[in-house]
1. Could you tally the net charge around ALA335, taking each other residue with its Cβ under 10 Å from the Cβ of ALA335, Lys/Arg +1 and Asp/Glu -1?
2. Counting other C-beta atoms within 10 Å, and keeping those with at most 15, which DSSP coil chymotrypsin sites (Phe, Trp or Tyr not before Pro) do you find in region 101-198?
3. Would you work out if region 163-289 is rounded, prolate or oblate? Take a ≥ b ≥ c from the square roots of the eigenvalues of the alpha-carbon gyration tensor; rounded if a/c is under 1.5, else prolate when a/b is larger than b/c, oblate otherwise.
4. What ratio of Cα Rg to 2.2 N^0.38 Å holds for region 237-314?
5. In deg cm²/dmol, rounded to 500, what helix-only [θ] at 222 nm does the chain give when every DSSP H run of at least 4 residues adds -39500 (n - 2.57) and the total is split over its residues?
6. Return the equivalent ellipsoid semi-axes of region 109-179 as a descending list in whole Å, where each equals the square root of 5 times an eigenvalue of the C-alpha gyration tensor.
7. At a threshold of 8 angstrom on Cα-Cα distance, excluding pairs fewer than six apart, so keeping six or more, what relative contact order does the chain reach in percent?
8. Using the Karplus curve 6.51 cos²θ - 1.76 cosθ + 1.60 with θ = phi - 60°, what ³J(HN,Hα) values do you get for each residue of region 63-75, in whole Hz, with x for Gly and Pro?
Amino acid sequence: MTSTTEKAVVHPHPQRWAVLGVLCLSVMVVVLDNTVLNVAIPSISTGLDASTADIQWMINAYSLALAGLLLTTGSLSDRFGRKRALLTGLVLFGTGSAVAAYASSSEALIAARGFMGIGAAVLMPGTLAVLMQLFDDRERPKAIGIWAAVTSLGFAAGPVIGGALIKHFWWGSVFLINVPVAVLAIAAVAMLVPESKDPTVRKPDVLGSVLSVIGMVSIVYAVIEVPEHGFGSSEFGVPVAIGLAAMTGFALWERHTDDPMLDLGFFRNRRFTGAVASGVLAAFGMAGSLFLLTQHLQGVLGYSPLEAGLRVAPMAIALLVTSNTLGQLVMKLGAGRAMLLGMTIVAGGVALLSIGTTYPPTLAGLILIGVGVGVSQPVAVNALMGSIPPERAGIASGLSGTLTELGSSFGIAVLGALLSARFVASLPDGVPGRSLSEALHSGADVTVVREAFSNGMSVSLIIGAVAVFLGGVVASVLLRRA
């Protein structure tokens, strides 16, 4: 293993930058799907006569499959090959997208979205694992910065692309657009990406896989149910109890078995734990905050989906510029200081969003978030992937993705629930407050409704900013002690 690693450092892959472009293309198609659907929801609801519950499951089926399977698929990509995983994931994702585009019922679209989530789960861990194999220590931070920037660019571009497609075509076009991109990525992966896998022959950890899937699906499902039923409901409590029991069993089994799917010894490494902790708290604060912001831009500031998407784009541009211009300076700061600086800037940006009753402070906040993520995310990913053996890169990437997805789900649920509670309390008696759209169409004073939403959002965003800042402090302490 040592000689292979040294060889990779001395003789980097000659087509590594072209391969990075292919990996970014593969990631882009998955990330786009996370945000493009939000713009299409009204058209889908009308076209398929979908209920509110149907719409929720169209979104949640994807998240459940992705979060539930990432650990297992990361382990499988290490075992059977990352290139093979990339190709399989792209085929599954492209097929699911084609079925979703022409779904004739809500049930068919929900099933297709779940299938797309499976494809995304198979695909995602391999992208980072291949990147780690191809780039040496000198070039890896820049490569990770580009990968991270493309991820955020996909997030910001989703509403823009979705809005443009809905304006000119039918709702299925937001899924159909994935198919040619997936086909192009499949061809590029087949021609350019070298195969890599864990050279150690390990027995399949079937019980560990089953327990991890049950645990993660149950916990994410519980979090998804929070906005409608609350934290004190059985809809939240029962699946959380099942999920925690399954994950406890998973941890005990992984410590007991000779060939664990996930080596829990990773968590004794402060670099690894610091990077993971910062990722979870950053995802909690950012996902929840940006989820609320998209509603604010359309419901309060009155932008169309396309206009709202364009106004979020400066965040991705700032991230792209920062990660490609400040890389060397960030490396000189050291991982601990860079994480604290980056996450503090992100927290300041989220706090600025909380006073965004007009667009200018919102724009300033988005730019700060982009700059902060451009500083911190490459450092976090580099610390995470550099703290584990290269042959286990797939499972490490899968674990990171799983916990980030969990942090995002909790952020949306918790900050959304806080917003909802304050929003309802601020509305005049008799005005329905289950959603901003419902309140705006209830005949109540629009100014009062929008002010109530802005007040609720401000409190939630301050909490999100605190979570991000704490993530920076925790990561800085652990990384500087490592």
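The values are calculated or read from the model by the stated rules, or taken from the named source; none is laboratory data. Given the structure is predicted, the values throughout are model-derived calculations rather than measurements. No Cβ is skipped: glycine too gets one built from the backbone with ideal geometry, and neighbour counts run over all protein chains shown. Quick note on the areas: whole protein, heavy atoms, side chains included, nothing else; ligands and nucleic acids left out. Shrake-Rupley method; radii C 1.70, N 1.55, O 1.52, S 1.80 Å.
1. Once positives and negatives cancel, what remains is +3.
2. TYR102, PHE169, TRP170
3. Values: a/c = 1.98, a/b = 1.16, b/c = 1.71.
Oblate, because a/c is 1.5 or more while a/b does not exceed b/c.
4. Details: Rg = 19.9 Å, N = 78, 2.2 N^0.38 = 11.5 Å.
For region 237-314, the normalised Cα radius of gyration comes out at 1.73.
5. So the calculated ellipticity at 222 nm is -28000 deg cm²/dmol.
6. 30, 17, 7
7. 22 percent
8. Working through the residues one at a time gives 5, 5, 5, 5, 5, x, 10, 4, 4, 5, 5, x, 5 Hz.
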